[in-house]
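Let me begin by presenting the structure, written as structure tokens, before commenting on it.
The values are calculated or read from the model by the stated rules, or taken from the named source; none is laboratory data. Note that this is a predicted model, so its numbers are computed, not measured. Note that we place each Cβ from the backbone using ideal geometry, even for glycine, and neighbour counts take in every protein chain shown. Accessible surface is based on the protein model in full, side chains and every heavy atom, while ligands, DNA and RNA are left aside. Shrake-Rupley method; radii C 1.70, N 1.55, O 1.52, S 1.80 Å.
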Amino acid sequence: SAPPMASKLLRAVVLGPPGSGKGTVCDRIARSFGLQHLSSGQFLRENIGGGAEAGALAQQYLERGLLVPDHVITRVMMTELEKRREQHWLLDGFPRTLGQAKALDGICELDLVISLNIPFETLKDRLSARWVHPASGRVYNMDFNPPHVQGVDDLTGEPLVQRQEDRPEAVAARLRKYKDAAKPVIELYKGILYSFSGTETNKIWPYVYSLLSSRIPPIHPEEEH
């Protein structure tokens, strides 16, 4: 499909700690503005290395809640972005570190970085309510979107697991680690970074929407949300 009429392609990144509602915000932006939502987790699951071995390796990192090493994720993302030179896109989950951000800078110029600033307590509550279906990466939240049947995936009926990193005792360390890695990235993007704070995605969304509307015409008017 032809890209929307805009003077230039829009390249945006959404940054935010685990549990910040990044996925939801990205889905809404993608729907409202016709940007391709590029999720690093999704790409990793789909096509890491092509070989069964590399795929299994990435899967191990993901399932144990470890960040996939910089060089691996950077290679995967660069390959995917190269294929999308003519598209408007929105990056989610990448770049997470200064090294990744510099690699990204090497291949394109970003227009906009959105940073979600959510209080620690809120993140902690959201994360420990999270359960996943490991094979597909589908995430359920026991508070917002629980599965139809307690403990099993809606589509496959397979059991859900709580990832190690979503267990309450792991959450604080994980958020600290995110913050340390994100600091220099946020610093790097100072000129194009917009930060949104709050405890509810629905309250943050109108501000994100109006920021994007000032850059690119919406394809779906706001009322739909």
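How much of the accessible area of the chain, probe 1.4 Å, is carbon plus sulfur, in whole percent?
Ligands and nucleic acids excluded, carbon and sulfur give 54 percent.
For the chain, set up a Gaussian network in which alpha carbons nearer than 10 Å are linked by springs, and say which option among Arg130, Arg163, Arg138 fluctuates the most.
Result: Arg138 has the largest fluctuation of those listed.
Report the extension gain between Arg215 and Leu98 in nm, rounded to one decimal, defined as 0.36 nm multiplied by the number of residues separating them, less their alpha carbon distance.
Length difference between fully extended and current span is 39.5 nm.
Using every pair of alpha-carbon atoms in the chain, split the distances into 10 Å bins beginning at 0 and state the percent of pairs per bin, rounded to integers.
7, 31, 39, 21, 2
What does the extension gain come out to for Arg85 and Lys179, with contour length at 0.36 nm per residue minus their alpha carbon separation?
Net length gain for the segment: 30.8 nm.
In the range 137-225, what is the volume of the convex hull around the alpha carbon atoms, normalised per residue and reported in Å³?
It comes to 168 Å³ per residue, whole-number rounded.
Restricting to Cα pairs below 8 Å that are 6+ residues apart, what does the relative contact order work out to for the chain? Please round to a whole percent.
Dividing the mean separation by the residue count of the chain yields 29 percent.
Along the Cα→Cβ direction, 7 angstrom out, place labels at Val161 and Glu46. What is the inter-label distance in nm?
About 2.4 nm, to one decimal.
With all protein chains present and a 1.4 Å probe, how do Asp111, Asp70 order by accessible area, largest first?
Asp70, Asp111
Taking a probe of 1.4 angstrom, what is the accessible area of Lys183 in Å², to the nearest 10?
130 Å²
Can you pull the Kirkwood radius for the range 75-149, inverse mean 1/r over Cα pairs, to one decimal in Å?
Taking every pair of different Cα atoms in the range 75-149, averaging 1/r and inverting gives 15.4 Å.
Please report the antiparallel percentage of DSSP beta bridges with both residues in the chain, rounded to the nearest 5.
Of the beta bridges lying entirely in the chain, close to 30 percent run antiparallel.
Please give the FRET efficiency for Asp143 paired with Ala170, using the beta carbon to beta carbon distance and R0 = 22 Å, rounded to the nearest 0.05.
For Asp143 and Ala170, the calculated efficiency is 0.75.
Per residue, how much accessible surface does the range 58-147 expose to a 1.4 Å probe? Answer in Å², no decimals.
Dividing the accessible area of the range 58-147 by its residue count gives 48 Å².
From the helices alone, meaning DSSP H stretches of at least four residues, give me the mean residue ellipticity at 222 nm for the chain, per-run term -39500 (n - 2.57), in deg cm²/dmol to the nearest 500.
After summing the helix terms and dividing by the residues of the chain, the value is -13500 deg cm²/dmol.
Express in Å², to the nearest 10, the accessible area of Lys177 obtained by rolling a 1.4 Å probe over the protein heavy atoms while all chains stay in place.
130 Å²
How many nm is it between the label spots at Asn202 and Thr122, if each spot is 7 Å from the Cα in line with the beta carbon?
In this crude spin-label approximation the distance works out to 1.4 nm.
Probe radius 1.4 Å, ligands and nucleic acids left out: which of Asp154, Asp143 has the largest accessible area, and how do the rest follow?
Per-residue accessible area, sorted high to low, gives Asp143, Asp154.
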